[in-house]
Amino acid sequence: SLTVAINQTGCDVVILVAGTQTVLASVDAQAGTSFSYSYSGTSNVDIGVIKQGFTVSYTYNFALTGTNAILPINLLPDRTYQ
């Protein structure tokens, strides 16, 4: 499984097939600070984390392997957000 560990609550998370717009998993306003995605086999994915008032975080071509992984995401405040 892949765990996306985020420093904020209430984030939208989307996991896509790498280089496409094909959504594998997503959540709106995640209640906690982590989102788990279970998968089988190996592949590469793009991961987006979005929260109003913070800069958007995208991780491209992340390799999913046969072992569990944790991807830490540190969202930063968006200085242009009013």
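Worth a mention:
- All positions within the stretch 38-56 that are under 12 Å from VAL4 (Cα atoms) and modelled with pLDDT under 95: SER38
- In summary, LEU64 fulfils each of the numbered conditions (1) touching a residue at least 60 places away in the same chain (Cβ under 8 Å); (2) over 18 Å from GLY19 (Cβ atoms) with the single exception of condition (2).
- If you go through the stretch 52-77 and keep only what is assigned to a loop (DSSP other than H, G, I, E, B) and open to solvent by 50 Å² or more (accessible area, probe 1.4 Å), you end up with GLN52, THR55, VAL56, THR65, GLY66, THR67, ASN68, ASN74, LEU76.
- Among the residues making up the stretch 1-47, those that are in contact with an Asp or Glu (Cβ under 8 Å, 6 or more places away or on another chain) and in a strand (DSSP E or B) are ASP12, ILE15, LEU16, VAL17, SER26, VAL27.
- Condition met for GLN21 (closer than 20 Å to ASP78 by Cβ and either under 12 Å from the mean Cα position of the chain (by Cα) or open to solvent by 30 Å² or more (accessible area, probe 1.4 Å) (or both)): no
- With respect to the conditions (1) surrounded by 13 or more Cβ atoms within 10 Å (Cβ to Cβ); (2) among the polar types (S, T, N, Q); (3) under 12 Å from the mean Cα position of the chain (by Cα), SER43 falls short on a single one, namely (3).
- Counted residues, the stretch 6-18 - those being small (Gly, Ala, Ser) and modelled with pLDDT of 95 or more: 1
- Single residue of the stretch 24-40 satisfying the filter (among the aromatic types (Phe, Trp, Tyr) and closer than 13 Å to ASN68 by Cβ) that is surrounded by the fewest Cβ atoms within 10 Å (Cβ to Cβ): TYR39
- Checked against the criteria, VAL14 does not count as farther than 13 Å from PHE62 by Cβ, open to solvent by less than 50 Å² (accessible area, probe 1.4 Å) and within 11 Å of the chain's Cα centre (by Cα).
The values are calculated or read from the model by the stated rules, or taken from the named source; none is laboratory data. Since this is a predicted model, take the numbers as computed values, not measurements. Neighbour counts run over all protein chains shown; Cβ positions are idealised from the backbone, glycine included. These area figures cover heavy atoms from the full protein model, side chains too; ligands, DNA and RNA do not enter into them. Shrake-Rupley method; radii C 1.70, N 1.55, O 1.52, S 1.80 Å.
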